[in-house]
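The values are calculated or read from the model by the stated rules, or taken from the named source; none is laboratory data. All figures in this text were calculated on a predicted structure; none of them were measured in a lab. Note that each Cβ is placed from the backbone with ideal geometry, even for glycine, and that neighbours are counted across all protein chains shown. Ligands, DNA and RNA are stripped out before the accessible areas are found, and what is left, the full protein with its side chains, is counted by its heavy atoms. Shrake-Rupley method; radii C 1.70, N 1.55, O 1.52, S 1.80 Å.
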Amino acid sequence: MTAELARPAETSREPAGRRRGSDWRVVPMLLPYLWEYKWRVVIALLFLVVAKVANVGVPLVLKDIVDGLDSQKAVLVLPLALLVAYGVLRLATVLFAELRDVVFVPVTQRATRRIALAVFRHLHALSLRFHLDRQTGGMSRDIERGTRGISTLLSFMLFSIIPVVLEFTLVAAVLFAKFDWRFVAVTFGAVVIYIAFTIGITEWRTSIRKKANELDSHANTRAVDSLLNYETVKYFNNEDYEARRYDESLQRYEVMAVRNEASLGLLNVGQAAIIAVGATLLMILCAQGVVDRELSLGDLVLVNGLLIQLYIPLNFLGMAYREIKQAMIDMERMFGLLEENREVADAPDARDLPEGPALVHFEDVDFGYDPRRQILQGMDFEIPPAAKVAVVGASGAGKSTLARLLYRFYDVSGGAIRINGADIRGLRQANLRAAIAIVPQDTVLFNDSIYYNIQYGRPSATREEVIAAARAAHIHDFISRLPDGYDSMVGERGLKLSGGEKQRVAIARAILKNPRIMIFDEATSALDSRTEQAIQQELNAVAQGRTTLVIAHRLSTVMDADEILVLDQGRIVERGRHGALLARGGAYAQMWALQQQEKQEEARRRPDALSPAAET
């Protein structure tokens, strides 16, 4: 699966739909957002036309003012009406340009908001495989640049390209009407050369900009990844090592950024040279006409004003084209996220989970994260309604994979998982997951309050329900002793809490969800023995009446299970109740004996091993 934005820049791959030179493909994607506000767009364009007509009218009025004040042509009088008209046109130019922006801003902001939301939703819809491969820092930078590019693209295309074309047409019409063909020829020639030069250089700069973006994303990825793993960096005294790795990325970006700016300087100098030559030729023609008395001083002012009216926007057009190309480069990486294959998607005829107590059946299930390495093979077992089935085994045996498949983070490669007879691939994912709660082995919390993290299990829950869930998880007393109580912040990924405290928050969150199916994936692995015994009683109470899957390392936590499955290399090698498995003297009995021996040795080494303080 390609996940271009989730890999370092050096190894990024483009999605299948992306091809070189396809930057303009993002433009049609924006049209629906413009069409939604078509009347605002039309009104904004009308204001634009009025502003440009007023702008071109300014030098025409100024010519008449100058000619009216020429003592050689007429008696000097104050052309009050023309001066007022001049002021009105100046004001109209700014007024209607601002009105245009006011009318169009909601279009830009709504398009940015809706596309950003679409990307956000799509990211949550992608499979776990994508999120295991992604690199958060680079991806967040790509989204940031992409959303900014939307505003740039819409604004520049409508209010830079169209205005310049309109203004150029008006200026050309005035030159053709009032002057001879040489003025029009010089103007057209300069514009054609200017546009050709701008497009050519900008296309060359595009590859430089793309590479700079990739290196920028890669540098940000390394920075974010290092900061998220702050404690690990400290544990191994690798601050300098991380700084060197980050600096290596910054150095590569620096080289490309300098090259990008140098190419921009070349573009700006070339554009300025073309404009300077064109303007100089026109002024020479006009000055010659004044000397030959074929043109008036007002005509000289008119030509100068028209040149300003034309070449300043034309220079802006070059910048606009650069910005548009840059915006499309920035946006294509963000739109590339929308092209990522969802892998796990609802079927067109997906239905809700059948009502009633849940019977879960893993029916001859095969699965592997990579086709070359099988994780589960022929997995076949049932979890009857209101029963508790435990899965034990060595690390890597495939225990946690069962929970991921039941949640449908992945689809099985063989066999089926059924709930009340319905294949979960035919169920709506949202409805399926609403019926399941999990307490994972590695609990990661949001950087928010404890209350928020518990209430996340059911956002509509009342405060009393949240506190009741915390009591059931034996964490209420701890929270009450904190200075800010339930409003205490847990920090990035919950790092302000100990492993046991995070686990109890996760248990409270699952209790609050009140599901039909419970999954405990090493749910008490981070707890000390005394707290584990207390919480185990609560977990047993929570499991009553619910279909429960327990994934465990400590065999003492699954002694009361209705059935225990022993996994080895993705296969069930033993199954039965605790007593029967011990009597059999197989793999389970060996695991039990080993854990009992480890427990006795730990008790001899640490008399306080059962103390609550031992955990922290």
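Straightening the chain between Arg481 and Ala468 buys 3.0 nm, computed as 0.36 nm per residue apart minus the Cα-Cα spacing. Taking the centroid of alpha carbons for each part, the range 146-191 and the range 217-231 are 45 Å apart.
In this simple spin-label model, placing a label point 7 Å from the Cα along the Cα-to-Cβ direction at both Ala583 and Ala541 gives a separation of 3.3 nm.
Partners of Lys211 within straight-line reach, counting lysines whose Cα lies under 22 Å from its Cα and excluding those fewer than 8 residues away in the same chain: Lys325. List the lysines whose Cα lies under 20 Å from the Cα of Lys513, skipping any in the same chain that are fewer than 8 positions away. The qualifying lysines are Lys388, Lys502. Across the range 477-484, computed HN-Hα scalar couplings (Karplus, 6.51 cos²θ - 1.76 cosθ + 1.60, θ = phi - 60°) run 4, 4, 5, 5, 7, 6, x, 9 Hz from first to last residue, x flagging Gly and Pro.
Sorted largest first, the principal axis extents computed over the alpha-carbon atoms of the range 293-436 equal 105, 36, 21 Å. Heavy-atom accessible area, probed at 1.4 angstrom with all protein chains present, ranks Tyr37, Tyr410 as Tyr37, Tyr410, highest first. If a spin label sat at a point 7 angstrom from the Cα of Asp180 along the line to its beta carbon, the backbone N atoms of the range 267-286 nearer than 13 Å would be those of 285-286. With an a/c value of 1.5 or above and a/b larger than b/c for the gyration tensor axes a ≥ b ≥ c computed over the alpha-carbon atoms, the range 192-335 is described as prolate. Full extension of the chain between Trp35 and Asn431 gives 139.2 nm of extra length, using 0.36 nm per residue less the Cα-Cα distance.
Near the amide H of Phe409, within less than 5 Å, lie no amide hydrogens of residues on another chain or at least 5 residues away, with H placed in the peptide plane. Each of the peptides 350-356, 448-454 was scored by the mean count of other Cβ atoms within 10 Å over its residues; in descending order, highest first, they stand as 448-454, 350-356. A crude spin-label estimate for the pair Glu254 and Phe188, with each label 7 Å from Cα along the Cβ direction, gives 5.1 nm. Treating r as the C-beta distance of Ala196 and Arg148 and R0 as 35 Å, the FRET efficiency rounds to 0.75.
Separation of the range 464-505 from the range 358-398 is 32 Å, based on Cα centroids.
Each Lys and Arg Cβ is given +1 and each Asp and Glu Cβ -1; about its Cα centre, the range 485-597 then shows a dipole of about 180 debye. Simple spin-label estimate for Leu46 and Leu228 gives 5.1 nm between the two label positions (7 Å along the Cα-to-Cβ direction from each Cα).
Packing, as the average of other Cβ atoms within 10 Å across residues, places the peptides 191-203, 280-292 in the order 191-203, 280-292, highest first. Computed extension gain for Asn514 through Ala350, at 0.36 nm per residue and net of the alpha carbon distance, reaches 56.7 nm. For the range 463-517, the C-alpha radius of gyration sits at 1.11 times the compact-globule guess of 2.2 N^0.38 Å, with N the residue count.
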